[in-house]
1. Nearest 500 deg cm²/dmol is fine: what mean residue ellipticity at 222 nm does chain B get from its DSSP H runs of n ≥ 4 alone, each adding -39,500 (n - 2.57), divided by its residue count?
2. If each label sits 7 angstrom from Cα along the C-beta direction, how far apart, in nm, is B:Asp20 from its counterparts in the other copies?
3. Treating the point 7 Å from Cα along Cα-beta-carbon as the label, what are the nm separations from B:Arg156 to the other copies, to one decimal?
4. Determine, from the Cβ-Cβ distance of B:Asp54 and A:His127 and an R0 of 30 Å, the FRET efficiency 1/(1 + (r/R0)^6), rounded to the nearest 0.05.
5. Could you state the number of Å between the C-alpha centres of the range B:63-102 and the range B:114-135?
6. With a 1.4 Å probe and all protein chains left in place, how much accessible area per residue does the protein assembly as shown have, in Å²?
7. Using a 7 Å offset from Cα along the direction of the beta-carbon, what are the separations from B:Ala184 to the same position in each other copy, nm, ascending?
8. Taking one equal scatterer on every alpha-carbon of the protein assembly as shown, how large is log10 of I(q)/I(0) by Debye at q = 0.06, 0.08, 0.12, 0.15 1/Å?
2 protein chains.
Amino acid sequence: MSLIPIRPGSPSGTQPERSDAARNRERLLQAARDLVAEHGVDAVTMDMLACRADVGKGTVFRRFGSRAGLMMTLLSDAEAEFQRNFIFGPPPLGPGAPPLERLIAFGEARIRYVEEYGELARAAAEHSPQNRHDAPPVVVWHRHIEMLLREAGLDRDPWLLALSLGATLDPERMLHALHAHRVAPERLAASWRELVTRLLKDC
Amino acid sequence: MSLIPIRPGSPSGTQPERSDAARNRERLLQAARDLVAEHGVDAVTMDMLACRADVGKGTVFRRFGSRAGLMMTLLSDAEAEFQRNFIFGPPPLGPGAPPLERLIAFGEARIRYVEEYGELARAAAEHSPQNRHDAPPVVVWHRHIEMLLREAGLDRDPWLLALSLGATLDPERMLHALHAHRVAPERLAASWRELVTRLLKDC
DNA sequence: ATATTAAGCGGACCGCAGTCCGTTTAGACT
DNA sequence: AGTCTAAACGGACTGCGGTCCGCTTAATAT
């Protein structure tokens with residue numbers, strides 16, 4: 001069982017993939033990575049991608065469903081690794097450390113993630129509150145935070161509290177702080193630590 | 001001095017407005033309100049608005065700059081009243097109450113605001129991190145929260161902490177909780193109260 | 001009244017995401 | 001090899017936000 005649920009773009013459905021489809025998928029992913037590297041996430045258009053991969057536009061959308069879906073696919077490896085780290089990895093991020101320390105480490109890891117993949121993550125969440133808040137990885141983070149809150153003894157609606165904490169770690173918001181306001185990552189991390197430490201005090 | 005800074009759509013610039021421009025502005029605002037009432041915020045397109053107001057499309061964009069700008073204009077009265085309430089209004093929302101109580105009241109007022117104007121607010125923030133996070137009203141809320149945090153004695157980077165709290169009250173997020181997850185407004189308010197109460201304990 | 005001019009106007013136009021549908025083709029079955 | 005069919009393909013098309021630029025007109029000066 002995979003941590004990342006099946007999405008368009010992943011070859012893990014019930015029937016095996018047709019060979020031309022597989023070839024086009026590889027071509028598209030390679031072209032997408034190249035274009036992102038060359039022009040930046042925001043400048044990559046779906047037409048450009050179709051052209052570069054030498055494929056029809058319909059094929060691009062058949063594969064990924066939408067621009068956001070494409071970006072999710074490009075993120076899925078990094079995302080899976082991130083999930084592995086906080087679910088199975090070594091403490092303090094993974095299991096074994098006390099919940100407060102895990103929460104702190106989670107925020108720090110998330111900040112590093114956003115520094116590296118933030119633009120992709122932002123593009124993957126654009127144009128749909130559904131994708132933004134209920135995409136499988138988001139739900140996993142949310143549940144993880146909720147679980148840590150419960151472990152720490154915070155029993156007053158941990159689900160909503162986890163939503164609030166998740167909002168703090170939102171890629172778009174953090175990117176905005178990092179770039180538009182020149183906030184150093186360390187300062188973001190310190191603020192996160194302060195926030196969760198105060199929150200979990202005396203539980 | 002007005003609380004709401006001058007934006008395209010407001011007639012408060014240096015030179016008085018030409019009469020045809022004034023007439024068209026009124027026609028556009030009326031048409032926009034009607035269309036929103038009839039079809040809902042998300043279904044209103046700029047072409048539709050131009051057509052309904054019997055005005056060229058260029059005029060619509062000259063007036064409001066963008067779809068988001070239009071929505072901000074439609075919100076500006078409600079926004080101004082909200083600001084008056086927490087800056088000059090009676091306690092506990094306005095000055096006179098202790099900071100924790102003012103923060104709690106602020107969140108509650110914000111939740112009511114989102115219940116009533118959330119769709120407009122969401123549309124006003126779409127398609128631009130700039131508009132989303134640095135629009136004048138957003139900056140005012142942010143500064144208000146920061147000030148209350150300082151008054152409460154929270155001196156560890158209150159600016160970033162205010163950003164986190166602001167994230168919790170983000171219209172899109174709250175709308176998603178309210179509608180997609182059927183969270184009752186009272187539950188949102190209770191969670192907010194819990195959050196800020198814990199945060200300001202022992203300062 | 002007439003001339004001047006800058007603000008205002010309108011709608012053709014552009015780029016983009018996403019859809020539709022007639023055509024092609026991989027793979028299975030005979 | 002030949003047939004069949006469902007999956008995949010491609011690119012013209014739509015709808016939207018936003019821009020551009022030549023035309024119109026309100027306000028002012030004469």
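The values are calculated or read from the model by the stated rules, or taken from the named source; none is laboratory data. What you are looking at is a predicted structure, and each value in this text was computed from that prediction instead of being measured. Cβ atoms come from the backbone with ideal geometry, glycine included; neighbour counts cover every protein chain shown. Surface accessibility is based on the protein's heavy atoms, side chains included, excluding ligands, DNA and RNA. Shrake-Rupley method; radii C 1.70, N 1.55, O 1.52, S 1.80 Å.
1. Dividing the helical sum by the residues of chain B leaves -22000 deg cm²/dmol.
2. Ordered by distance, the counterparts are at 5.7 nm.
3. 2.0
4. Calculated value: 0.45.
5. So the separation of the two Cα centres works out to 13 Å.
6. Value returned for the protein assembly as shown: 48 Å² of accessible area per residue.
7. The projected label point of B:Ala184 is separated from its counterparts by 4.7 nm.
8. Per q value, in the given order, log10 I(q)/I(0) is -0.28, -0.50, -1.07, -1.43.
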